[in-house]
Amino acid sequence: MADFRVAKPLVGQGDARKNGTFARTFFILPGMKRTARPILTDEDQHLLDGVTVRLLAPEERQRFDQLLVAQHYLHSATLVGEQLRYVAEFQGQWLALLAWNAAAFNLKARETWIGWSAPQKKRRLPLVVNNSRFLILEDHHVPNLASRVMKLCLQRLAPDWSDRYGHAVLVAESFVDPQQFLGTCYKASGWTWLGHTQGHRRARQDFYVRHERPKQLWVRELCPGARTVLRGRNLPAALRDWPTAPAPECLQSPEELRSMTQFFAGISDWRQRKPDFPLPSLVAVSLGAMLCGVCLGQRDLAAFAADLTVAQMAALGFPRDWSSRRRRYRAPGETSFFRLLTHVSPHQLEAALLAWQDHVLGRRDPADHLVAVDGKELLNSQGLEIVSAYAVQSGRWLGSQPVAEGANEIPAAQELLRRAPIEGSLVTADALHTQTETARIIVQERGADYLFPVKGNQKGVADTVRALHQNLAHAFSPSGPGGERSDL
């Protein structure tokens, strides 16, 4: 009898989760090549013929993230920069999830493959997109499903990106952990393997730690001649307006930047080692970027800082690069700003910004006594809501408070009102905040007045207000300037 033995699986279970290929063990004779292919059943072929790929709807975001955290090996649904999410489904049933976001900032193999210069890369990197998540859901590991889903997604990726962000994407990239996957799906979908990364992660600016897990780097042109376009002298007219638009310039003079840092000197610095970049300088750069309309992601902030003039960098106390012959100033990178946005004390930052605002605008006019409290979802924040207070007449910002996960605006507004400068003001908010505790904080704790609306769907509140107005009318008739009653 022939000597059968169990061979190493052609595709491991981890690869099935990433690439949708069918994981099974093949029995082979000694000396045989591993050329066996999974056999498709009629049911499998029917599914492959009927699978579709569509953009994720906003109301499906929570389910999408939960599945990624539960089933994807990275256990994270966090994306960076510009991003799109897709769902592959068959007859309404979800089969796979795909997520795309901004490309990696620096990849030596990719830069060589494209052949562009450093200035070209700086301007055109947003034309490259990263396939950061690809998950075949459990119980749906059908042969060839991953490559079919990838093909359908790539066919619509560039138009969808253009509709969302006003520019197409020309090249796609992805990282594959060889300890988990084989990258079979990418190879079958026409991607090119460029080799392995160096196995380092960035721990701080210009400092990398080796993690001993280099990744495979796969790339693919999304249209013929994409690399030629990216490394060309001039972009096509359809792409020219967006990438070549001038980047926002810092409007503050070196003296103004130096003055701004003094207001942020009291913010606690969480860093244990001696930092390369002073914390007040990082906050000043972020504030200058906000005033210029920069999106305020860590990549945007790093690009904004890199475009500062030599005099501005000197005023901010940036270090010099002594390894360079010209000893140029070194600007903070993405890691520095990511840690700033993650670790800075919100209340200390708020107090410092309010002090700087008073310095620039002068003290608030007592006549500017009408204060509005309202909540908004931050743009590109993945659902983060902020409750803010503003002086209505001047538009002066009076403070902000994030809404806790799973809560509504009411607790956040109450915490904000306890510290915002509202003494002697008339505070207004929408009907959601028509609450006894909110009113008590405004009147009894902060010495202000309130004007709250009552909507028709707040029947209990409306009945209470109506009864009080009929029986205790004086409670709703505050005194006017001369002491006379004035009906609301």
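Of note:
- Residues located in the range 102-122, provided they are crowded, with 17+ Cβ neighbours inside 10 Å, of a type in the set (K, R) and under 22 Å from the mean Cα position of the chain (by Cα): K121
- Those helices (runs of 4 or more DSSP H) lying entirely in the range 289-406 with at least 2 residues within 16 Å of the chain's Cα centre (by Cα) and surrounded by 13 or more Cβ atoms within 10 Å (Cβ to Cβ): 298-306, 334-343
- Among the residues of the range 431-452, the one identified as open to solvent by 60 Å² or more (accessible area, probe 1.4 Å) and assigned to a loop (DSSP other than H, G, I, E, B) is Q435.
- Per the listing G395, G317, the residue uniquely free of Cβ contacts under 8 Å to residues at least 12 places away in the same chain and on the phi > 0 side of the Ramachandran plot is G395.
- Subset of the range 317-327 (residues that are modelled with pLDDT under 90 and under 22 Å from Q298 (Cβ atoms)): D321
- Filtered residue count, the range 143-174, keeping only those that are of a type in the set (A, V, I, L, M, F, W, C), surrounded by fewer than 19 Cβ atoms within 10 Å (Cβ to Cβ) and not in a helix (DSSP H, G or I): 0
- If you go through the range 98-130 and keep only what is assigned to a helix (DSSP H, G or I), of a type outside the set (D, E, K, R) and more than 18 Å from L239 (Cα to Cα), you end up with A109, T112, W113, A118.
- Some residue of the range 416-430 being open to solvent by less than 60 Å² (accessible area, probe 1.4 Å) and free of Cβ contacts under 8 Å to residues at least 40 places away in the same chain: no
- Residues that are buried (at least 17 other Cβ atoms within 10 Å of the Cβ), among the polar types (S, T, N, Q), within 14 Å of F337 (Cβ to Cβ) and within 27 Å of the chain's Cα centre (by Cα) do not occur anywhere in the range 259-274.
Residue by residue, here is whether (1) in contact with a helix residue (DSSP H, G or I) (Cβ under 9 Å, 6 or more places away or on another chain); (2) more than 13 Å from F452 (Cα to Cα) holds:
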position: V403; (1), (2): yes, yes
position: L426; (1), (2): no, no
position: L432; (1), (2): yes, no
position: T436; (1), (2): no, no
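- Residue in the range 81-92 that is of a type outside the set (D, E, K, R), surrounded by 15 or more Cβ atoms within 10 Å (Cβ to Cβ) and under 25 Å from R231 (Cα atoms) present: yes
The values are calculated or read from the model by the stated rules, or taken from the named source; none is laboratory data. On a predicted model such as this, the values are computed, not experimentally measured, just so you know. Quick reminder, even Gly has a Cβ in these numbers, built from the backbone with ideal geometry, and neighbours come from all protein chains shown. Quick note on the areas: whole protein, heavy atoms, side chains included, nothing else; ligands and nucleic acids left out. Shrake-Rupley method; radii C 1.70, N 1.55, O 1.52, S 1.80 Å.
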